[in-house]
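Chemist: One structure follows; several queries about it will come next.
Laboratory data are not the source of any read-out in this text; all were calculated from the coordinates shown. No experiment lies behind these values; they were computed from the predicted model shown. Cβ: placed from backbone, ideal geometry, glycine included. Neighbour counts: every protein chain shown.
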Amino acid sequence: MVRINLTVDGAKVADDVEPRMLLVHYLREKLGKTGTVVGCDTSNCGACTVHLDGTSVKSCNVLAVQADGGEVTTIEGLSQNGELHPVQEAFRECHGLQCGYCTPGMIMQSVDLLKENPQPSEEEIRLGLEGNLCRCTGYHNIVKAVQHAAGQGAQA
């Protein structure tokens, strides 16, 4: 077992974990952050995307011990004081989800995209979300949601 210390959604946590435990499993099983979805365990789908030290990562591709000392933000940590993050609100308003399975990862990646490029073109949005898959083929409304959030000045 290895002792890790990190901040998750603003709360400091310390735990003993197996060195091979993936960050996605740590978040879900140890901390109950079930909004971080296990989609493939191979980093292909992006459903497990979280922010680690302010940058989006696929948490099925990061060991929990690699996050030691870091700050993790999950989909649950985006909203503040009961208010949805502007990107979450844009996904709601623009129906940027179908089954909802990919939605947490899409939102987390979109927040990172808008932080890097506050006014992306449609092509830049599609390229920026390229590593996140929607099995329902709902990309049109996802792109619309990101465009809407950009128009509202949404940033992390």
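Chemist: Around G54, with a cut-off of 15 angstrom between Cβ atoms, what is the net charge of the other residues, counting Lys and Arg +1 and Asp and Glu -1? Each step should come with its number before you reach the end.
Modeler: On the way: positive: K115; negative: D9, D53, E71, D112, E116.
Spelling it out: positives minus negatives among the neighbours equals -4.
Chemist: Also: Under 24 Å from the Cα of K115, which lysines turn up, not counting those fewer than eight places away in the same chain?
Modeler: Partners within reach: K33, K58, K144.
Chemist: What fraction, in whole percent, of alpha-carbon pairs in region 2-76 exceed 18 Å separation?
Modeler: Details: 734 of 2775 pairs.
Distances greater than 18 Å cover 26 percent of the Cα pairs.
Chemist: Angle, helix 139-151 long axis vs. longest principal axis of the chain, Cα atoms, 0 to 90°, nearest 10?
Modeler: 90 degrees
Chemist: Next question, about the same structure. Rounded if a/c is under 1.5, else prolate if a/b is larger than b/c, else oblate: which is the chain, with a ≥ b ≥ c the root eigenvalues of its Cα gyration tensor? The partial results should precede the final answer.
Modeler: Details: a/c = 2.07, a/b = 1.68, b/c = 1.23.
Judged from the Cα gyration tensor, the chain comes out prolate (a/c at least 1.5, a/b above b/c).
Chemist: While we're on this one: Distance in nm between label sites at N5 and R92, each 7 Å beyond Cα in the beta-carbon direction?
Modeler: 3.7 nm
Chemist: Taking the beta-carbon count within 10 Å as an exposure proxy, list M108, M21, M1 from fewest neighbours to most. Walk me through the numbers on the way to the answer.
Modeler: Details: M108 31, M21 18, M1 9.
So the residues, fewest neighbours to most, are M1, M21, M108.
Chemist: Could you give the size of the charge dipole of the chain about its Cα centre, using +1 on the Cβ of each K and R and -1 on the Cβ of each D and E, expressed in debye and rounded to the nearest 20?
Modeler: On the way: 12 positive and 19 negative charges, 59 e Å.
Result for the chain is approximately 280 debye, rounded to the nearest 20.
Chemist: Right, here's the next one. Please report the relative contact order for the chain, taking Cα pairs under 8 Å with a sequence separation of at least 6, and give it as a percent rounded to a whole number. List each step's numbers first, then the result.
Modeler: Values: 299 pairs, mean separation 37.8, N = 156.
Reported relative contact order: 24 percent.
Chemist: I want to check the label-to-label distance for S79 and L127. Put each point 7 Å from Cα in the C-beta direction and report it in nm to one decimal.
Modeler: Reported label-point gap for S79 and L127 is 3.4 nm.
Chemist: Taking the 0 to 90 degree range and rounding to the nearest ten, how far is the long axis of helix 103-116 tilted relative to the main principal axis of the chain, both from C-alpha atoms?
Modeler: The two axes meet at around 80 degrees.
Chemist: While we're here: Between E71 and K30, what length in nm is gained on full extension when 0.36 nm per residue of separation is reduced by their alpha carbon distance?
Modeler: 13.2 nm
Chemist: Could you tally the net charge around P118, taking each other residue with its Cβ under 14 Å from the Cβ of P118, Lys/Arg +1 and Asp/Glu -1? Write out the running numbers ahead of the final one.
Modeler: Values: positive: K115; negative: D112, E116, E124.
Summing Lys/Arg as +1 and Asp/Glu as -1 gives -2.
Chemist: Exposed loop sites here are trypsin sites (Lys or Arg not before Pro) in DSSP loop states with at most 16 other C-beta atoms within 10 Å. What is the longest stretch of the chain lacking them?
Modeler: Working: sites that count: R20, R135.
Of all site-free stretches, the longest is 21-134.
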